[in-house]
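A short write-up of the structure that comes next.
The values are calculated or read from the model by the stated rules, or taken from the named source; none is laboratory data. Every value quoted in this text rests on a predicted model; they were computed, and no experiment measured them. Cβ atoms come from the backbone with ideal geometry, glycine included; neighbour counts cover every protein chain shown. Accessible surface is based on the protein model in full, side chains and every heavy atom, while ligands, DNA and RNA are left aside. Shrake-Rupley method; radii C 1.70, N 1.55, O 1.52, S 1.80 Å.
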Amino acid sequence: MRRHVSFVSALLSCLVFALLLLRSDQTFAQTPSAIQGLHVVGNQILNGANEPIILRGVNRSGGEYMCIQGRGIWDGPTDAKSVQAIAAWHTNVIRIPLNEDCWLGINGVKPEYSGETYQKAVVDFVNLVNSYGQVAILELHWNAPGTTPADKQAPMPDADHTPAFWKELATTFKDNSAVIFDLFNEPYPDSNQDSEAAWTCWRDGGTCKGIDYEVAGFQQLVDTVRATGATNIIMIGGVQYSNALSGWLEYKPNDPTGNLVAAWHSYNFNVCSNVTCWERTIAPVKAQVPVIAGEIGENDCDHQYIDELMTWLDAKEIGYLAWTWDAWGADLCGSGPVLILDYDGTPTDYGIGFKERLNIHKLQVTLTPSPTAAPVTPTATPSASAELPAEASDLIAPREIAGKAVYIPFPVAIKLDGKLDDWSAIPFVTVDKGTLLSSDPAENGSLKFAVAADETTFYVAAAMVDKTIITGKHESNYWNEDSLEFYLNLSGDLAATTYNDKVFQFNINPSDIGKTDASKLNVNGTNFANAKVTGFVFKTSDGWGFEIGIDLADQQIVPAHGLEIGLQMQGNGANELDRNVKLIWSDKDTGDNSWQNPSLFGRGIFFKVGSTDIPTPTE
């Protein structure tokens, strides 16, 4: 049922609406130039200076549900401090979910949270967001037909109210090119099928299979927006909750401005949640039009899935926004991934991974390390004890792709002194899996390692949790001692199954703790004599570790962004009789066979600090 209003009410609404427009125009003019003039050219989004812009940011949920539930308009603060906290993560976009009943002031929503009050709140928040250099994506999240309250997600836009919603909203923001219109959150017509019927409904609307109301198709909504004179970029998500883009190009609505973007959502529980599917169904769309991953996340309180996803998206120059910047409680990560514990921006475990990725992109803009930095000759007296450094808030390399690849930042000035003071901005990898595990976490329960390089030297720092250090008990059988093994394949043949003179196993044990001559490091293993290795071994508060340098120039290896090498780390724990713990980093090695088969190594990928992309492993 359509809304009916009196002539007087309609006149008052128009007057208030006009005032909102006037107020908005005054504030829009203060929008930073980098996000003004957004438009589409080919498969890129450009700003008014015709510079490509890749959008990375967060969703700010609340505007879709608080009003319809009679609890307010926003969930949590939307003041300057709260936006500053978001911007401090180095975002450039915020997606704002909305409710059509609340915007239109219909279906019994409390007047203090709907109509002109709701509209003004949205305008004010968009203006604030823009003033902090953030593009605003406005999206219709909850809707419903007739007199049904819009209190949940629906499978498609409704013909009763959605065109009116977009007509009003587009009219309000048509003069603000730093606002993007995301027409509908997550379509799922034809009972959530990726079918011809679903895609036909998606574009054309009308009477659709599996939906008990008249649908407004996306061609109608594009036409509605453009009829207002708005040329803003429009995002349209695919079917199956915006996770499927298989029919997006074929059924793409006509847009006279050409400013259409494919919206895609990706969670670890979706059907399309692996690289094979992304390459098959998402990459072909990005080849022709811009794609924005409007929602990414995972429901396991971790960031392993989004780490892999963001690496792929970065390689394709696809922007992404994480769900969600809301302090709902970290214990709710299984039902709705939350990035923060509070609105000051304290990250959850899941949020840590996302924040660190944004930090990397920020560093690509602001860091300009010297490409000719010479390796530092150590002059300090090495210490017999050291600790892993506290991790810096801004890391200079991506975190590992778990068990598959680790990034090697370069050029990095490391002083080889056994103190680890200069490793805080380099991410350490934790290894607590393998073929033999300890029953006591304090006794060889885990190890950590990190890697870095300058123009001529490859650096490794590692530490093992080990409350009882066993060394010198097994004569020449060094592999049965407590030891750390680091492997490199510098041959260029990463599929090689046998060792050659460019494949190395470096076995280092605690017997060198306290030695002060880096050149006298005791190394065992395979082909270790073919490499120049220097470094120190030290105690830690809960075990022991090492810091070593391997001469790359001697191996005729020149670090280059994206260059891949074979890499493996293993930790061995021993008792008085024999080795009883084997911690192994690479997922490929499930039987402790890296010592004889280098194809089981993971990958090391050189990452030039300040580069503009994050390379992915070739397999």
With 20 Å as the limit, write out which pairs from K433/K532; K520/K608; K362/K404; K415/K515; K515/K539 have Cα-Cα distances beyond it, or answer none. K433/K532; K520/K608; K362/K404
Alpha carbon centroid spacing (whole Å) that separates the stretch 247-309 from the stretch 108-161: 24
Helix 304-316: inclination vs the chain longest Cα principal axis, degrees, rounded to 10, gives 80
Enumerate the lysines that K167 could reach by cross-link, defined here as Cα to Cα under 19 Å, with residues fewer than 8 away along the same chain left out. K120
Residue among A150, P77, Q134 farthest towards the positive dipole end of the stretch 52-156, charges placed on Cβ: Q134
Summing Lys, Arg as +1 and Asp, Glu as -1, what charge do residues with Cβ under 9 Å from the Cβ of A262 carry, A262 excluded? +2
Can you give the net charge of the other residues whose Cβ lies under 12 Å from the Cβ of E196, counting K and R as +1 and D and E as -1? -2
Calculate for the chain the 222 nm mean residue ellipticity that helices alone would give, adding -39,500 (n - 2.57) per DSSP H run of length 4 or more and normalising by residue count, nearest 500 deg cm²/dmol. -6000 deg cm²/dmol
For the chain, which semi-axes, largest first and in whole Å, follow from the square roots of 5 times the eigenvalues of its Cα gyration tensor? 54, 23, 22
With the radius of gyration and the Kirkwood radius both derived from the Cα set of the stretch 411-500, what is their ratio Rg to Rh? 1.00
Above 23 angstrom, tally the Cα pairs of the stretch 151-289 and express them as a % of all pairs, no decimals. 32
Given H placed on each backbone N at 1.01 Å, which residues far from D158 in sequence or on other chains put an amide H within less than 5 Å of it? A216
At q = 0.14, 0.18, 0.28, 0.30 Å⁻¹, what is the base-10 log of I(q)/I(0) for the stretch 562-619 according to the Debye formula with one equal point scatterer per Cα and no solvent? Please give it to two decimals. -0.51, -0.70, -1.11, -1.19
To test your reading of the geometry: what angle, between 0 and 90 degrees and rounded to tens, separates the Cα axis of helix 7-28 from the longest principal axis of the chain? 40
Using each residue's phi in the stretch 75-90, evaluate 6.51 cos²θ - 1.76 cosθ + 1.60 at θ = phi - 60° and report the 3J(HN,Hα) Karplus result to the nearest Hz, with x for Gly and Pro. 9, x, x, 10, 8, 4, 4, 5, 6, 4, 5, 5, 4, 5, 7, 6
Size of the dipole of the chain about the Cα centre, Lys and Arg at +1 and Asp and Glu at -1 on the beta carbon, nothing else charged, in debye to 20? 1060
In the neighborhood of Q219, defined by Cβ-to-Cβ distances under 12 Å, what is the net charge if each Lys or Arg adds +1 and each Asp or Glu adds -1? 0
S541 versus T147: modelled label distance in nm, points set 7 Å from Cα along the beta carbon direction: 6.7
What list of ³J(HN,Hα) couplings, whole Hz, do you get for the stretch 482-499 from phi and the Karplus terms 6.51, -1.76, 1.60, once you set θ to phi - 60° and write x for glycine and proline? 4, 7, 10, 10, 10, 10, 9, 10, 9, 7, x, 9, 7, 9, 4, 9, 10, 6
Over the stretch 191-270, what is the relative contact order in whole percent, taking alpha-carbon pairs under 8 Å and six or more residues apart? 29
Cα-Cα separations in the stretch 522-594 greater than 17 Å, expressed as whole percent: 64
With a 1.4 Å probe and all protein chains left in place, how much accessible area per residue does the chain have, in Å²? 38
Identify all lysines with a Cα-Cα distance to K209 below 24 Å; exclude those on the same chain that are fewer than 8 residues away in sequence. K152, K252
Tell me, what % of the accessible area of the chain is carbon and sulfur with a 1.4 angstrom probe? 52
Amide H to amide H under 5 Å from I137: which residues, 5+ apart in sequence or cross-chain, H placed 1.01 Å off N in plane? I94, R95, I96, I180
How far is helix 349-366 tilted off the main Cα axis of the chain, in degrees rounded to 10, range 0 to 90? 90
Under a point-charge model restricted to the Cβ atoms of Lys and Arg (+1) and Asp and Glu (-1), what is the dipole moment magnitude of the stretch 498-541 relative to its Cα centre, in debye to the nearest 20? 80
Work out from phi, with θ = phi - 60° and the Karplus expression 6.51 cos²θ - 1.76 cosθ + 1.60, the ³J(HN,Hα) of each residue of the stretch 386-394, listed in order in whole Hz, and give x for Gly and Pro. 7, 9, 4, x, 5, 6, 5, 6, 10
Going by amide H atoms built from the backbone, whose H comes under 5 Å of the H on S446, apart from near neighbours? V465
For the chain, what does the relative contact order come out to in percent, with C-alpha contacts under 8 Å and a separation of six or more? 10
Dipole of the chain [Lys/Arg +1, Asp/Glu -1 at C-beta], most positive-end residue of A159, T172, Y343: T172
Semi-axes of the equivalent ellipsoid for the stretch 239-346, please: Cα gyration tensor eigenvalues, times 5, square-rooted, ordered largest first, whole Å. 27, 15, 12
Counting only C-alpha contacts under 8 Å and six or more residues apart, can you give the relative contact order of the stretch 235-353 as a whole percent? 20
